[in-house]
Amino acid sequence: MKNLIKATLALCLLSTVSTISHAQSTPSLFDGKTLKGWKRLAGTADYKVEDGAIVGTTVLNSGNTFLVTEKEYGDFILEMDAKIESPLSNSGVQVRSHYDPNGNGGKGRVYGRQFEIDPSDRKWSGGVYDEGRRDWIYPLDLNAKAKDAFKVGVYNHIRMECIGNEMRTWINGIAVADVVDTVDSKGFIGLQVHAISKDGQVGKRVWFKNLQIQTKHLKFTPFPNDVYTVNYVSNALSDHEKASGWQLLYDGHTSKGWRGATMTTFPPKGWLYQDGTMHNLPSEGHEESGGGDIVTDSLYSAFDLSFEFKMTPGANSGVKYFVTLSEVTKGSAIGLEYQVLDDALHPDAKLGRNGDRTLASLYDLIPANKQPRFVHPIGAWNTGRIIVYPNNHVEHYLNGVKVLEYERGSKEFKDLVAISKYVIWKNFGEAPEGHLLLQDHGNEVWFRSIKVKRLHDF
């Protein structure tokens, strides 16, 4: 009997220690009564405590305002409940963020990654925005299935896991965004009240409660394999990307997996590949005088292709798919083309029909519908993405935003081909599989982080 009592007491003690340990590793950021441990930065919006929640209220002509932790955090798992009362409002949660008191004309500027709360028609809540710095990192076009996760007018459960260089987000148990980013290893956590400039927006509120943070014994929650990863580490794959079936097409220092479109080997001139980029050298804008197009050794049918590219002023290039190599003209192989172009300086942008030769368009067939804010300037890196589903639905993306879609082989597609330069090739763009191609158009361009995932029937 004594042994049973001792065992019971030991078990109770162990349970108590475990509970205390867990509580210590997941402390609350908010005591439910005061704003102790928090401070307001940048704007003049109002924050107060009501019924166990932090309530932020908009103020006319204030810039973005942030209630931030006095303490900085590095690796953590952060959970909270958030509510916003109007689809016209906007908010967010800063993580690993910073403050520049001299920024924004001396008014102060908060900068860093933000878990977006965006109940507008585009529904990008749970995406990742880089406040005061790089703009959108993870627009929710990259994971459209999660667009309806956030609900207006009720509390939503938010979860963020920031471990090492990776950040993952959830809303109401739905996986939303995955970002790998080497910028900012630690910083404060902040609750945003967005800037407003119209009388009708005054007094709009956002609520935050049950703010819990775990800083010890951290481990990523498994993430669905169909959620795209934005990876800012060049020519590398995260563990999640590898598990999801992604493969690098360029390793950053060799030409392995590539050859000239009209050769059995890699071109002896015109391309450099040793220093982290697949670098197409200039040849006065003449396709036939450089190294020529390069293609993958492998063939692809249904796939998800992601790549980064950078151009010099006035440059022209492209990424082609379903290249059969049976359709070759002087200096160039033929295929469906994601256009890479300096729209402002290259004359091709004004040719074709309705802008169908501009950046990210399906060249000479369908124009890209892109907003200027999502086009990075010449000399900066842009990210392109092409998805070809097993049912022949195709999508083009630029910097995370979908800019066009079409049905390969449909009547509408055939009608467009019939009035394009491709009409001379029978069944153009309808091959069951083909090579992927980087175009040599005689202008200087760079490619990196070229990765592909084969898609299967769904």
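The values are calculated or read from the model by the stated rules, or taken from the named source; none is laboratory data. Note that the coordinates shown come from a computational prediction; the quantities given were computed from them, not determined experimentally. Quick reminder, even Gly has a Cβ in these numbers, built from the backbone with ideal geometry, and neighbours come from all protein chains shown. Note: areas computed on protein heavy atoms with side chains; ligands, DNA, RNA excluded. Shrake-Rupley method; radii C 1.70, N 1.55, O 1.52, S 1.80 Å.
Quick notes
- In terms of its C-alpha gyration tensor, region 217-312 comes out prolate, because a/c is 1.5 or above and the ratio a/b outweighs b/c.
- Of the whole protein surface, Lys48 contributes about 90 Å² of accessible area at a 1.4 Å probe radius.
- For region 289-392, average projected area of the Cα convex hull in nm²: 7.5
- Within the chain, helix-based [θ] at 222 nm, where runs of 4 or more DSSP H residues each add -39,500 (n - 2.57), nearest 500: -2500 deg cm²/dmol
- Note on the chain: with charges restricted to the Cβ of Lys and Arg (+1) and Asp and Glu (-1), its dipole about the Cα centre is near 1440 debye.
- Only one of (1) 123; (2) 190; (3) 139 was calculated from the structure for volume of the Cα convex hull per residue in Å³, and its label is (2).
- Cα centroid separation, region 231-245 to region 162-228 (Å): 21
- At R0 = 41 Å, FRET efficiency that the Cβ-Cβ distance of Glu50 and Thr182 yields, to 0.05: 0.55
- For trypsin sites (Lys or Arg not before Pro), the sites in region 240-312 that DSSP calls loop and that have at most 16 other Cβ atoms within 10 Å are Lys256, Lys269.
- The residue among His441, Phe374, Val423 whose Cα reaches farthest toward the positive pole of the charge dipole of region 316-458, with charges on the beta-carbon of Lys, Arg, Asp and Glu, is Phe374.
- Carbon + sulfur, % of accessible area of the chain - ligands and nucleic acids excluded, 1.4 Å: 53
- Between Ile163 and Lys426, the distance separating the two model label sites (each 7 Å from Cα on the Cα→Cβ line) works out to 5.7 nm.
- In plain terms, the chain from Leu218 to Ser86 could stretch by 44.0 nm, reckoned as 0.36 nm per residue minus the Cα-Cα distance.
- Per residue, the accessible area of the chain comes to 45 Å², computed with a 1.4 Å probe over protein heavy atoms only.
- Probe 1.4 Å - accessible area at Glu308, Å² to nearest ten: 20
- 0 to 90° range, to nearest 10: angle between helix 2-25 axis and the chain longest Cα axis: 60
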